[in-house]
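Working notes, beginning with the structure itself.
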Amino acid sequence: MKKKKKVLHIVEAFGGGVFTVLNDLINGISNDYDIVIAYSLRPQTSKNFKEFFDKNVKFIEVKNFTRSINLKKDIKALKEVKEIIKEEKPDIIHLHSSKAGILGRLAVNGNKIKMFYNPHGFSFLKKDDSKLKRIIYWLIEKVTALFNRKCTIVGCSRGEYEEARKLNKNSVCINNGIDIDKLKQETQNLSEKKIDYDNLKICTVGRISFQKNPQMFNEIAKNFPNIKFTWIGDGELKDYLTEPNIEITGWKTREEVLQILNNNDIFLLTSLWEGLPISLLEAMYLKKVCIVSNVVGNRDVIVDGQNGFVANNELKYKEIINDCIKQRQCGEIIKNASQSIMNDFNLNNMLREYRKIYGS
């Protein structure tokens, strides 16, 4: 019997959308490869996270991983990563998020190991940092890419791939995809909700953070005082959501999130930057009218006027919502959105492409 290749996943951002993508990827290929995950805990990491993965997956905590730059801890984390690689002797190393991508590529430079790096949203695209800081992040990514040219950068959307190509020509595009079979099972007891144009409900999903732009969400809600807006999630900027027609649910179970999402008519994504948001893909599958900001990731999925809408500013969000109310013709839009998921952004497509680059 042929020995399975060992894949070491190194991930600092072990929560949110990165966790979901990694979970689907690993469970989808766990029969074909031996899997090890070197991770760090984040506040949003589920306490029972191991239960989400195949029982054969091995976990190793990197104790000094931090989200922000911390030279002392970063040096310690680099040593930890080097030790894990030395101990595990993987055939393939797969890095997830900027911190893991930088330290991981520095840790194995010169080693003959097949290597991949998923940014899941480049740090230099983050608009909560100053222009100088973003330039520094870009320079770090560029230098690291030059330091380890053999590492393939994997863009999770067409826009992220185009950014990756500026850093290293050795890049590929593999769209994030959702597990349609699992989602069907999770939503089997939910009846499909028809759009209630006379009583629209609008929601979003995610951490209430600068990235998700709660200020814009609040301003849009202010324009429609008679429409209920729901933010499914919690976060440090929840005080920005001040309008009386906004409900903040706090963190909910997976089952509760899908139920609340299904009970709404419009999914709003006001993000300042994205990789390729899983919440958007799930909303499209559930046939919600999706209105998103014009940023990488969002516009790689939504074709304006075909399977959803893209807005550049508050006025455009207001105009699109008013048009939905007046024209009552979003049936084709939501049908196309669901079909986009079936054709282009499903897990089977994603797994096929990863198997192809990993090799057997």
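A short reminder: the numbers here are calculations on the coordinates, not readings from a lab. All values derive from a computational prediction rather than experimental measurement. Using ideal geometry, Cβ is built from the backbone for each residue, glycine included, and neighbour counts are taken over all protein chains shown.
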*Pairs LYS201/LYS252; LYS166/LYS288; LYS5/LYS182; LYS79/LYS212; LYS4/LYS184: which exceed 29 Å Cα-Cα?*
LYS166/LYS288; LYS79/LYS212; LYS4/LYS184
_Farthest toward positive dipole pole in the chain [+1 Lys/Arg, -1 Asp/Glu at C-beta], among ALA13, VAL143, ILE232_ = VAL143
*Sorted largest first, extent of region 180-344 alpha carbons per principal axis (Å)*: 37, 35, 32
*With a 10 Å Cβ neighbour count serving as the proxy for reagent exposure, in which order, fewest first, do LEU95, LEU139, LEU269, LEU41 appear?*
LEU139, LEU41, LEU269, LEU95
*Using the Cβ atoms and a cut-off under 11 Å, what net charge is assigned to the surroundings of GLU141, where Lys and Arg are +1 and Asp and Glu are -1?*
+3
*Work out how much length ASP304 to LEU139 would gain on full extension: take 0.36 nm times their residue separation and subtract the Cα-Cα distance, in nm to one decimal.*
56.1 nm
*When only Cα pairs under 8 Å and 6 or more residues apart are kept, what is the percent relative contact order across the chain?*
15 percent
_Ellipticity estimate at 222 nm from DSSP helix runs (n ≥ 4, -39,500 (n - 2.57)) divided over the chain, nearest 500_ = -12500 deg cm²/dmol
*What distance in nm separates the simple spin-label points at LYS58 and LEU190, each placed 7 Å from Cα in the Cβ direction?*
3.8 nm
*Quote to one decimal, in nm, the extra length available between ASP234 and GLN329 on full extension: 0.36 nm per residue of separation minus the C-alpha distance between them.*
30.9 nm
*Could you check the simple spin-label distance between LYS126 and THR253, using points 7 Å along Cα→Cβ, in nm with one decimal?*
3.3 nm
*Provide the per-residue ³J(HN,Hα) series for region 205-219, in order, calculated from phi with Karplus coefficients 6.51, -1.76, 1.60 and θ = phi - 60°, each as a whole number of Hz, with x at glycine and proline positions.*
10, x, 6, 7, 10, 4, 4, 7, 6, x, 4, 5, 4, 5, 5
*When Lys and Arg each count +1 and Asp and Glu each count -1, what net charge do the other residues less than 11 Å away from SER209, Cβ to Cβ, add up to?*
+1
*Given ASN176, TRP251, ILE321, which one lies farthest toward the positive end of the charge dipole of the chain, if we put +1 on the Cβ of every Lys and Arg and -1 on the Cβ of every Asp and Glu?*
ASN176
*Output the relative contact order of region 1-78, whole-number percent, from Cα pairs under 8 angstrom with separation of 6+ residues.*
32 percent
*Relative contact order [Cα under 8 Å, 6+ residues apart], region 212-360, whole percent*: 18 percent
_Sum of side-chain charges, SER97 neighbourhood, beta-carbon under 13 Å (Lys, Arg +1; Asp, Glu -1)_ = +2
_Listed candidates (i) 30, 25, 23; (ii) 34, 27, 16; (iii) 36, 22, 19 - label of the one calculated as semi-axes √(5λ) of the Cα gyration tensor in Å_ = (iii)
*Return the distance in nm (one decimal) between the two label points of a simple spin-label model at ASN48 and ASP91, each offset 7 Å from Cα along Cα→Cβ.*
3.4 nm
*For region 66-167, diffusion coefficient by Stokes-Einstein and Kirkwood Rh (Cα), 20 °C, 1.002 mPa s, µm²/s*: 152 µm²/s
